[in-house]
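Data first, discussion second: the structure below is written as structure tokens.
The values are calculated or read from the model by the stated rules, or taken from the named source; none is laboratory data. Since we're looking at a predicted model, the values are computed, not measured. When we count neighbours, we look across all protein chains shown, and the Cβ atoms used for this are built from the backbone with ideal geometry, even at glycine. Side chains included, ligands, DNA and RNA excluded: accessible areas come from the protein's heavy atoms. Shrake-Rupley method; radii C 1.70, N 1.55, O 1.52, S 1.80 Å.
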Amino acid sequence: MLIARTKKNLQEAVRVWKSGGARIGFVPTMGALHEGHISLMNLCKTRADRTIASIFVNPTQFAPHEDFDRYPRLEEQDCIKLEDAGVDMVYLPSAGEIYEDGMEPRVTPGKAAEGLESDFRPHFFGGVVNVVERLFSHVQPDIAIFGEKDYQQLEVIREMTAAHDMGIEIVGAPIIRDDHGLALSSRNAYLSPAELAIARQMNVILYEAARGTITPEAAADKLLEAGFHKIDYVASRWGRMLAAAWLGKTRLIDNVAVGTACPGS
Ligand code: AMP
């Protein structure tokens, strides 16, 4: 697996692959990789000739009070996982490499960014489109894979790519969950064993709301009863039932397709 830390090194390899007619696939991540990320790599490999992953903890999508400093950074372990997954190249840019011309956004999020996450993290999608547009311009992929775990983000990226005629196919990948249905997340590493048990209730309650057995408001109450401390939202959009809720200092998000039952129920 090639490791590129600069745009120059990245583009040298991409140029060679493209001149050989290869279709380039790209999977951006913030690292601390788990099976959810690896499933994106595997999907990318079925849809492209070359798979490029990036690991970059993007400062512009964190507010000053958020977890940028404590976000897990596990570069060495991550590179081993990517190599084992058969990724062709990992891009590990510094902040200076990504924001070489300053942090001013070159694109703004569209309508998909309105509401939900933006009501609670108003800075978030501005930071996401800012970094994804820069990563896209560095990698110049034919196809990019994003997880349905961050459903609103997937919609925001789709909209941005279409609005700017970027010519990049955006593919959504299904959510990978643990044996209890908890959506895998790098932030799960913050949870104590007691919090983990509570976190595992989130998907069960979301499935009830998704089936219409309970209203989104009742689902929010149930999350509080289960032990979540604060509910940012439970709401339906894009045919999904989506939620964001706090367990201590950790904010978890998840979503399930409307109309589906909890597997195993
Ligand atoms: P992150 O490193 O959290 O920025 O995530 C990188 C990509 O992996 C994003 O497109 C996420 O939606 C996706 N992802 C994260 N967790 C999961 C999961 N449990 N299942 C599927 N995709 C995921």
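Some observations on this one:
- Ordered by solvent-accessible area of protein heavy atoms (1.4 Å probe), largest first, the residues 260, 29 come out as 260, 29.
- Positive dipole terminus of the stretch 1-134, leading residue within 27, 56, 37 (C-beta point charges): 27
- Here is how the number arises for the chain: DSSP H runs of 4 or more residues each give -39500 (n - 2.57), the sum is divided by the residue count, and the result at 222 nm is -11500 deg cm²/dmol.
- Rounded to the nearest 20 debye, the dipole magnitude of the stretch 37-141 is 320 debye, with +1 charges on Lys and Arg beta carbons, -1 on Asp and Glu beta carbons, and the Cα centre as origin.
- Accessible area per residue was computed with a 1.4 Å probe on protein heavy atoms; residue 238 scores about 80 Å².
- Dipole magnitude (debye, nearest 20) for the stretch 109-265, charges at Cβ of Lys, Arg, Asp, Glu: 280 debye
- Each principal axis of the Cα cloud of the chain was evaluated for its coordinate range; sorted largest first, these ranges are 56, 36, 33 Å.
- Computed magnitude of the charge dipole of the chain (debye, nearest 20; Cβ of K, R +1, Cβ of D, E -1): 300 debye
- Each listed q (0.13, 0.14, 0.16, 0.27 Å⁻¹) maps to a log10 I(q)/I(0) for the stretch 115-199 from the Debye sum over equal C-alpha point scatterers, namely -0.54, -0.61, -0.76, -1.33.
- Per residue, the accessible area of the chain comes to 45 Å², computed with a 1.4 Å probe over protein heavy atoms only.
- For residue 232, distant residues with modelled amide H under 5 Å away: 244, 245, 246
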